[in-house]
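Notes to accompany the following structure.
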Amino acid sequence: MKKILVTGANGQLGKCIQDAVAEYPDLKFVFVSKDELDIENTEALLRFFNKNNFTHCINTAAYTNVEKAESDAEKAYAINAEAVKNLATICTERNVVLLHVSTDYVFDGKKNTAYLESDATNPINVYGASKLKGEKYIEEICDRYFILRTSWLYSQYGHNFLKTILNHAEAGKPLTITTEQTGTPTNANNLAEALLQIIAQDSTKYGVYHYSNSGKTTWYGFAEAILLGSKKLKDANLAKINHYRTFAARPAFSVLDNTKAHNNLKLNYIDWRESLQSLIKQVSI
């Protein structure tokens, strides 16, 4: 039986994976939060791997605060790069397949067509640069790995754009949302399912892949769709702005091309609007 370690289990993606495992009774999962297993602690990692005979590791642990990373670069690199390096080394030594989640922010956003895995990376903020360094470590160290770059992740869990918009609308707070950036909102439940499908199908087509929902929009378009789907658009104080000042630079265009993941891994991707509406209907957020 495959035995899968999932790090960062208390994050939104970790929780979505926990929700999805019921459909995979032939797989055994071990979920660990940062308090239970800090991936920055190499000795703790070694002890944990030595006690368990894992076949796969899904690493969802990450430093994801894009704004704070600009002033806390050392911590961002420690989690997103150096800890990933140690995890990659341990997985390689123990013949464990590593599945790692990365980001559209490894790109600079200067394209106007969807990014391919083969496109040149050029992150324009600390978060993107730290995630890219983690990717490079995996590529250098591992033979058996899947890096899945995703974008604009949201879910019913944690702190994310979906919940922020709904909370502000509920409280009657004004919402001023930028039209300056274009990307693809991605339901973390869909990404969780994709990760588990890769393991279940025993794929050996290792490498870097893009996985997001399909289609594209701006942050304003995303907010509008959230409010429309939750029937709060009429009462919401929603306004658009071209430029919204942020501490960290953001890529203006970061849509990902999912063709490689569809062809090689047989992963299906759902239109972002369809996936969003499905989540809003199914879950009380």
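Across the range 1-14, the number of residues qualifying as in contact with a helix residue (DSSP H, G or I) (Cβ under 8 Å, 6 or more places away or on another chain) and part of a helix (DSSP H, G or I) comes to 2. For the range 137-157, a residue qualifies if it is charged (D, E, K, R) and either crowded, with 16+ Cβ neighbours inside 10 Å or in contact with a Leu (Cβ under 9 Å, 6 or more places away or on another chain) (or both), and the qualifying residues are Arg144, Arg149.
Taking Asn258, is it more than 21 Å from Leu162 (Cα to Cα), surrounded by fewer than 17 Cβ atoms within 10 Å (Cβ to Cβ) and modelled with pLDDT of 95 or more? Criteria not met by Asn258. Per the conditions (1) of a type outside the set (A, V, I, L, M, F, W, C); (2) crowded, with 16+ Cβ neighbours inside 10 Å; (3) at negative phi; (4) over 17 Å from the mean Cα position of the chain (by Cα), the sole criterion not satisfied by Tyr115 is (4).
Of all residues in the range 8-32, those satisfying the criterion of being touching a Lys or Arg at 6+ places or on another chain (Cβ under 8 Å) and within 21 Å of Tyr154 (Cα to Cα) are Gly8, Ala9, Asn10.
The values are calculated or read from the model by the stated rules, or taken from the named source; none is laboratory data. Small disclaimer: the values here were computed from a predicted structure and weren't measured. We place every Cβ from the backbone using ideal geometry, glycine too, and count neighbours over all the protein chains shown.
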